[in-house]
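> Got a structure here, written out as C-alpha cells. Questions coming.
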Amino acid sequence: MSLTDRSRSAKRSFTNKFKLDAVELAEKVGGNRTAAKYLGCSEKNIWDWKNQLAELKDAPEKKKSVKQKREGYWPEIERRVCAFIDERKSYNLRISREMIHLEAKKAAKNLEITDFKVSQGWCNIYMKRAGYHIRERCKVVQDPPHQFEDKITEFKKFVKQRLKDHNYQLVCIGNMDETLVNMDMIPRL
C-alpha cells in the first residue's frame, strides 16, 4: 500500500455540495468507480450518496451530514420547559439552570413520568437542542448628560442654599461618597 493509498483510505468528511457533485459526475461519466478515482474518494461513498440523494438535495450545502436534529426522549417535558423559558424571557425575568431543572421535574410529575431524571448533562443537551444559552446580564452604564459639569455646580449651589435656608449644622451632614446619585435626580433650578 503506497502513501497515496493510505491517505485515500483515511476517514474523511465531505460537504453535501461535494456529495451532490460526485453523484452528478458519476452519472455523467457512467460509473461510480471512475468518479471515485477522479474525486479521490471511495466507490462505496458514491453508492451511499446515490441512496441518500433525496436527503442531500434538502440538506444545506455546506453541512457535512444529512442527519436531522434529533428530538429528545421526552418531547412533552421539553415542550413544557420551552414554554416556561419563553414566558419568563417575554417578561425579561432571570432564568437559571436550577429553574430549568425544577420546571422539568414538575413537568415530569404532572405527566406522571417516573423514570425521568434531571441531570446537568440532560440540561446541557436540552439547552443545546433547544438553542438556549444562559449568559450573565450586561450592566447598563448611564452616560453623563451633555452639561455634566454645569449640573454638578448647580447641585453644589442647591445644597449650599438648602444649608442656609434650613440652618443645618455641618455635623448633621453625613458622607455621601457611596450614595448613588442619578443624574436625573439633580434638580433643575
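Only the coordinates and a few stated rules stand behind these numbers; no lab work does. Just so we're clear, the structure is a prediction, and the values are computed from it rather than from any experiment. Here the Cβ positions follow ideal geometry from the backbone for every residue, glycine too, while neighbour counts run over all protein chains shown.
> Treat each spin label as a single point 7 Å out from the Cα along the C-beta direction, and report the D165 to S90 distance in nm.
4.8
> Can you list the residues, at least 5 places off or on another chain, whose amide H is less than 5 Å from the amide H of C41, using H built in the peptide plane?
Residues meeting the criterion, in which the H sits 1.01 Å from N, do not exist here.
> How much length is gained on full extension from E154 to K117, taking 0.36 nm per residue of separation minus their Cα-Cα distance?
On the way: separation 37, 0.36 × 37 = 13.32 nm, distance 6.23 nm.
That works out to 7.1 nm of additional length.
> Something else: Which peptide among 124-132, 103-111 comes first, and what is the full order, when sorted by highest mean count of other Cβ atoms within 10 Å?
Packing order, densest peptide first, comes out as 103-111, 124-132.
> Moving to a separate point now. Please compute the modelled spin-label separation between D58 and K106, points set 7 Å along Cα→Cβ, answer in nm with one decimal.
Label-label distance for K106 and D58, simple model: 3.7 nm.
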